[in-house]
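Derivation of every value follows stated rules applied to the coordinates shown; laboratory data play no part. Remember, predicted model here, so these are calculated numbers, not experimental data. Heads up, the Cβs are rebuilt from the backbone with ideal geometry, glycines too, and the neighbour counts pull from every protein chain shown.
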Amino acid sequence: MVGQTIPPELGFAEVLDARGALHRLSSRWATCDALIVFIRHFACVGCAEHLSLLRPRFGELAQLDVGIAIIGSGTADQLAAFVEREELEVDHVSCFTDPTLASYRAAGLLRSVWGTFGPIALGQAVRGYTRGFSNGRPQGDLHQQGGTLYVRQDGIVAYYHRARSLGDHAPLVDVVDVVLAERAQAAAP
């Protein structure tokens, strides 16, 4: 997927905000580059851990004019509680839900019981618990795995990570390196 135009079905996929309003996913990269972070569900230990790694980079990504969209799979009410709990009410961060999982499928993300309950996933869950994160009752699809895409404003995918299990997060250093490389390339004569 890297270096290719975003699949049309992903750009046309509709996601809901916490008020229940629909948004076309392509609107996220219509005015600036976008980091699209798909999480599993709104009470996932692995997702809380992932956001703790991403949150300190929000300011840096905003300075680089990169919008951030976080997408889960629960209800709009669960999304609203998640945004408050995870302190995601930040100007350049948008949070959505896709209970139909259409955007997950269009992004080619994995849906797997093994990715949730297999030995690697269980080890990752223990890692999250020991770091102070917790799990709640599933608020979305328990077996859907996440992923991360960096989409340039022209619709070209510059980074793609497909999570194989609940704690398989995109290395944010890699994501920021891609953003910096894109900015350097754009600034070159």
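Overview of values
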quantity: Paramagnetic label zone (point 7 Å from Cα along Cα-to-C-beta, Thr130; backbone N under 20 Å) in region 36-77; calculated: 45-53
quantity: Pairs of Cα atoms farther than 20 Å apart, the chain, %; calculated: 50
quantity: Partnerless Cys - the chain, beta-carbon criterion under 4.7 Å; calculated: Cys32, Cys95
quantity: Per-peptide average of other Cβ atoms within 10 Å, ordering 13-26, 134-147, 33-46 highest first; calculated: 33-46, 134-147, 13-26
quantity: Charged-residue dipole, Cβ positions (Lys, Arg, Asp, Glu), the chain about Cα centre, Debye nearest 20; calculated: 520
quantity: For the chain, share of DSSP beta bridges that run antiparallel, in % to the nearest 5; calculated: 60
quantity: Burial ordering of Ile120, Ile68, fewest other beta-carbon atoms within 10 Å first; calculated: Ile120, Ile68
quantity: Separation in nanometres of the label points that stand 7 Å from Cα toward Cβ, at Arg111 and Ser52; calculated: 3.0
quantity: With Cα atoms, 0 to 90° folded angle of helix 76-85 axis to the chain main axis; calculated: 90
